[in-house]
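Trainee: Got a structure for you, written out below as structure tokens; questions coming shortly.
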Amino acid sequence: LGCVAAFDAPARQTFVSDLVAEEDLSNAVALNSTSFNAARMIGPATSGILLGMMGSGWVFLLNAASFASVIVALMMMRVKDLHLRNRPARARGSLAEGFRYVRSRPDIRTVLVMFFLIGTFGFNFPIYISTMSVTVFHAGAGQYGILTSVMAVGSIIGALLAARRAGPRQRLLLAGAAMFGLGLGLASVMPNSWFFGLVLVLVGISAQTFSTTANSIVQLSTEPAMRGRVMAILLAIAMGGTPLGAPIVGWVADHFGPRWAMGIGAASGVAAALVGLRYLVRHRHLKVRVDSGRLRFTLDSAPSGGL
């Protein structure tokens, strides 16, 4: 399944750009995230009921059969209405060319570094929620499921808010990273599961705001010919970073407690925001001035759709 996902995820994310015009891409990415998080909220509850009724084998079979509807939907698409873009023919070294392209684009490189920091050390939600539920709040699997669904609600809200915006903005990316760090920091000191769940809504909103904005910036600022390769790199970071950071976060949770583990995630959000701020100062010449008692921020022009 992991090997298949390595091919499926980049193709699926890049396909979003073929479904809509360029000016609607940011909204399409956000709505795609909304449907994903809605499924993440409904799926565990449904599978839990079915597991009790039918057993794991039948649940796996039902999940496999559900892909038939996806295939039928793809076959029914009106291909003539797609916004197809010219893509280069496959050649050896294409992925290496993608890395060279990212290296030449400091704006995209900055977004990828930010995503690596948060994706590796911040997106370990199963570890955070399960260890806080069991070790700190002394609850069971039921509370874990509720808290996971609560955070998914926040993710849906974040995706819907992102879908309302005309396009991604660098300040939204930085705000999402900073709010994520602040949210995890607050969650780590909550005294009970009720307050913990409330703060998880903020964590879900900020995490989805950051992810959706990063995805949109990368897709909009990348040349169409390189979009698939760059998205493959982004999704490799998104899917591969979390398993790399999970042993570290788990070790900290085991030896120092889950509150300290969540502190690592909070630090990753703050670090990502500082990386983005450094880019704006060095490459976009960020300036701060006081005008009529209010702070004003000015930036040089960005690459098309970029950070």
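Trainee: For Met226, only one of the following conditions fails: (1) in a helix (DSSP H, G or I); (2) free of Cβ contacts under 8 Å to residues at least 60 places away in the same chain; (3) surrounded by fewer than 22 Cβ atoms within 10 Å (Cβ to Cβ); (4) hydrophobic (A, V, I, L, M, F, W, C). What is its number?
Mentor: Of the numbered conditions (1) in a helix (DSSP H, G or I); (2) free of Cβ contacts under 8 Å to residues at least 60 places away in the same chain; (3) surrounded by fewer than 22 Cβ atoms within 10 Å (Cβ to Cβ); (4) hydrophobic (A, V, I, L, M, F, W, C), the odd one out for Met226 is (2).
Trainee: Name, by its number, the condition in (1) of a type outside the set (Phe, Trp, Tyr); (2) free of Cβ contacts under 8 Å to residues at least 12 places away in the same chain; (3) within 26 Å of Gly98 (Cα to Cα) that does not hold for Val288.
Mentor: (3)
Trainee: Another one. Suppose we keep only residues that are touching a Lys or Arg at 6+ places or on another chain (Cβ under 9 Å) and β-branched (Val, Ile, Thr) within the range 178-216. Which one would you say is surrounded by the most Cβ atoms within 10 Å (Cβ to Cβ)?
Mentor: Thr213
Trainee: So Leu172 fits all but one of (1) in a helix (DSSP H, G or I); (2) buried (at least 23 other Cβ atoms within 10 Å of the Cβ); (3) modelled with pLDDT under 90; what number is the exception?
Mentor: With (1) in a helix (DSSP H, G or I); (2) buried (at least 23 other Cβ atoms within 10 Å of the Cβ); (3) modelled with pLDDT under 90 applied to Leu172, the lone miss is (2).
Trainee: Next question, about the same structure. Residue pairs, Cβ under 8 Å, 6 or more apart or interchain, first in the range 195-216 and without any contact (Cβ under 8 Å) to a residue 24 or more places away in the chain, second buried (at least 21 other Cβ atoms within 10 Å of the Cβ). List them.
Mentor: Val199/Gly183; Val199/Ala187
Trainee: Please list, ordered by first then second residue, the pairs with beta carbon atoms under 7 Å, 6 or more apart or interchain, first in the range 237-254 and without any contact (Cβ under 8 Å) to a residue 60 or more places away in the chain and surrounded by 14 or more Cβ atoms within 10 Å (Cβ to Cβ), second of a type in the set (Gly, Ala, Ser) and in a helix (DSSP H, G or I).
Mentor: Qualifying pairs under 7 Å: Val252/Ala261.
Trainee: Being out of contact with any helix residue (DSSP H, G or I) (no Cβ under 6 Å at 6 or more places or on another chain), within 30 Å of Ala261 (Cβ to Cβ), among the hydrophobic types (A, V, I, L, M, F, W, C) and at pLDDT 70 or above is true for just one of Ala39, Ala65, Ala30, Ala45. Which residue is that?
Mentor: Exactly one residue qualifies, and that residue is Ala39.
Trainee: Still on this structure, I have one more. Within the range 105-154, which residues are outside any helix (DSSP H, G or I) and over 15 Å from Gly269 (Cβ atoms)?
Mentor: So the first thing to find is which residues in the range 105-154 are outside any helix (DSSP H, G or I), and the list is 105, 122-124, 137-140.
Within the range 105-154, Arg105, Phe137, His138, Ala139, Gly140 qualify.
The values are calculated or read from the model by the stated rules, or taken from the named source; none is laboratory data. Here the structure is a predicted model, which is why all the values come from computation and not from measurement. Neighbour counts run over all protein chains shown; Cβ positions are idealised from the backbone, glycine included.
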